[in-house]
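*Asks:* Dropping the structure in here first, questions after.
The values are calculated or read from the model by the stated rules, or taken from the named source; none is laboratory data. These numbers were taken from a predicted model, which means no experiment stands behind them. Using ideal geometry, Cβ is built from the backbone for each residue, glycine included, and neighbour counts are taken over all protein chains shown. In case anyone asks, the SASA skips ligands and DNA or RNA and just uses the protein heavy atoms, side chains included. Shrake-Rupley method; radii C 1.70, N 1.55, O 1.52, S 1.80 Å.
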Amino acid sequence: MNKKSKNNCDILVIGAGPAGSSAALKAAQEGARVILIEQKKEIGVPVQCAEYIPVQLTTNIGLRDDLLVQEIHFMRTHLPNGDVKETESIGYITDRDRFDQHLAEMVEKAGAEIRKDCKAEIPLNPPLLKGEIGGLSGVEVIEGSKRYSIEAKIIIGADGPKSTVGRWIGAENKEFVSAKQYIMPLIMEMDYTEVYFRDYIHGGYGWVFPKGDKANVGIGVNTSFGLKPSEALDRFVDELFKSGKIEKKVLKSTGGLIPVGGIVGTRKDNILLCGDAAGQCNPITGAGISNAVLCGSLAGEIAAKAVIDDNLDIL
């Protein structure tokens, strides 16, 4: 491989969320030449997350204090029969866009290159590592108005629930919960998160995650039951408003898909998947940030070792 080419690298990471940035960071720290591409023009935007992170994660990745917006001590679970259960759940609410951007800054400081507004389009063949059969040598990408190829020894797909890389290797998420969330003014102070199980929130639950004087109010539903996420969320908002918990004012809204079918696959030839692309979020709760960071780091570490030893069997 031509070491001087700006479009050649040891490891190409696709997707600059927590999984992809963690993979790129670890691989660069291990000595690999890494390019991280992200199809969004601004990393972490729009936010599609309830933004809770457990306390263990803050020490694992060295988060700045200004990213820890709201301290959380426990979770309060509201059951359909009216019972309320409290569970210790120490952590923080973060600004997820700034969280992702912080990880990306660490990636660049470690020596990796990040290319935004850059979308993976077509896989290239044959593989570059000697003796490997059936892998990819790189990817054709579109960056702004430019189309070109990036060659890589190993590709890490961290491009979300509907992963392009996963589709290339036949490892696709099939089961999803559809989530929708509002940011709304919070009337009462809270140092805890809330989860609501209701018969009208089909195949999922509602949540209230406080963030100072506001809250992330959302629901996740299985749409195969026929209820639209917006309908379930509006009904949930009505319940919270009547209980005096929130003001009925939507400051911002977001939504997305959460893969809940379990792990779909993590490796084929010289390609690895991690994070939501691999179905590595919790299939019961839908939580995924910690799993993404951990699994991304593992993918980056192992990929770097495979490159350094020139041995894909390490994967």
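*Asks:* Using the Cβ atoms and a cut-off under 12 Å, what net charge is assigned to the surroundings of Ile308, where Lys and Arg are +1 and Asp and Glu are -1?
*Replies:* For residues surrounding Ile308, the net value is -2.
*Asks:* Can you order the peptides 246-252, 281-287 by their average number of other Cβ atoms within 10 Å per residue, highest first?
*Replies:* Going from most to least packed, we get 281-287, 246-252.
*Asks:* Another question, if that's okay. Measuring from label point to label point, each 7 Å out along Cα→Cβ, what is the Thr59 to Ser243 span in nm?
*Replies:* Result for the modelled spin labels: 3.3 nm.
*Asks:* Here is a further query. If we count every other residue with Cβ under 12 angstrom of Phe225's Cβ, Lys/Arg +1 and Asp/Glu -1, where does the sum land?
*Replies:* The answer is -1.
*Asks:* Separate question: With only Lys, Arg, Asp and Glu charged, each at its Cβ (+1 for the first two, -1 for the last two), find how big the charge dipole of the stretch 30-133 is about the Cα centre; round to the nearest 20 debye.
*Replies:* The dipole magnitude comes to about 340 debye.
*Asks:* Here's a follow-up. Can you tell me the dipole magnitude for the chain around its Cα centre, using point charges on the Cβ only (Lys, Arg +1; Asp, Glu -1), in Debye to the nearest 20?
*Replies:* Result for the chain is approximately 740 debye, rounded to the nearest 20.
*Asks:* Restricting things to alpha carbons, tell me how big the stretch 1-94 is in terms of Rg and Dmax, in Å.
*Replies:* Gyration radius and largest Cα-Cα distance of the stretch 1-94: 18.9, 65 Å.
*Asks:* Oh, and also: For the charge dipole of the stretch 180-278, defined by +1 on Lys and Arg C-beta atoms and -1 on Asp and Glu C-beta atoms about the Cα centroid, which residue among Gly256, Leu240, Gly218 has the Cα displaced farthest towards the positive pole?
*Replies:* Projecting each Cα onto the dipole axis, the largest value belongs to Gly256.
*Asks:* Could you tell me which of the pairs Lys85/Lys162; Lys162/Lys252; Lys211/Lys248; Lys40/Lys174; Lys162/Lys242 are separated by over 26 angstrom between their Cα atoms in the structure shown?
*Replies:* Lys85/Lys162; Lys162/Lys242
*Asks:* Still on this structure: Computing the accessible area with a 1.4 Å probe over protein heavy atoms, can you report the carbon and sulfur percentage for the stretch 178-305?
*Replies:* Answer for the stretch 178-305 is 54 percent, counting heavy atoms of protein chains only.
*Asks:* Right, something else. What is the sum of charges around Ala110, taking Lys and Arg as +1, Asp and Glu as -1, for the other residues whose C-beta is under 13 Å from the C-beta of Ala110?
*Replies:* Cβ neighbours under 13 Å give a net charge of -2.
*Asks:* Here's a follow-up. Scaled to the compact-protein estimate 2.2 N^0.38 Å, what is the alpha-carbon radius of gyration of the stretch 105-258, rounded to two decimal places?
*Replies:* After normalising by residue count via 2.2 N^0.38 Å, the value is 1.44.
*Asks:* Step through the residues of the stretch 214-222 one at a time and calculate ³J(HN,Hα) from phi using the Karplus curve (6.51 cos²θ - 1.76 cosθ + 1.60, θ = phi - 60°), rounding each to whole Hz and writing x for Gly and Pro.
*Replies:* 10, 8, 7, 10, x, 9, x, 10, 8
*Asks:* Could you size up the charge dipole of the stretch 207-315 around its Cα centre, putting +1 on the beta carbon of Lys and Arg and -1 on that of Asp and Glu, and report it in debye to the nearest 20?
*Replies:* For this selection, approximately 620 debye.
*Asks:* Still on this model: So, taking all protein chains as they sit and a 1.4 Å probe, how much accessible area belongs to Phe209, in Å² rounded to tens?
*Replies:* 30 Å²
*Asks:* Can you compute the equivalent ellipsoid semi-axes for the stretch 266-315, i.e. the square root of 5 times each eigenvalue of the Cα gyration tensor, sorted largest first and rounded to whole Å?
*Replies:* 24, 11, 6
*Asks:* For Asn282 paired with Asp66, estimate the spin-label separation in nm (one decimal), with each label point 7 Å from Cα along the Cα-to-Cβ line.
*Replies:* 3.0 nm
*Asks:* Could you give the nm distance between label points at Ile187 and Lys252, where each point is 7 Å from its Cα heading toward the beta carbon?
*Replies:* Between Ile187 and Lys252, the label points sit 2.4 nm apart.
*Asks:* If r is the Cβ-Cβ distance from Asp97 to Ile314 and R0 is 35 Å, what FRET efficiency results, to the nearest 0.05?
*Replies:* According to the calculation, E is roughly 0.50.
*Asks:* Can you give the accessible area of Arg167, probe radius 1.4 Å, in Å² rounded to 10?
*Replies:* We get 120 Å² for Arg167.
*Asks:* Where does each of Phe225, Phe74 land when they are ordered by accessible area, with a 1.4 Å probe and the largest first?
*Replies:* Order by accessible area, largest first: Phe225, Phe74.
*Asks:* Pull out the extension gain between Lys41 and Tyr148, defined as 0.36 nm times the separation in residues minus the alpha carbon to alpha carbon distance; nm, one decimal.
*Replies:* Length gained between Lys41 and Tyr148: 36.7 nm.
*Asks:* Using the Kirkwood radius over Cα pairs, work out the Stokes-Einstein diffusion coefficient for the chain at 25 °C and 0.890 mPa s, in µm²/s as a whole number.
*Replies:* Approximately 121 µm²/s, per Stokes-Einstein.
*Asks:* Among Thr285, His78, Val307, whose Cα projects farthest towards the positive end of the dipole of the chain, with charges put on the beta-carbon of Lys, Arg (+1) and Asp, Glu (-1)?
*Replies:* Val307
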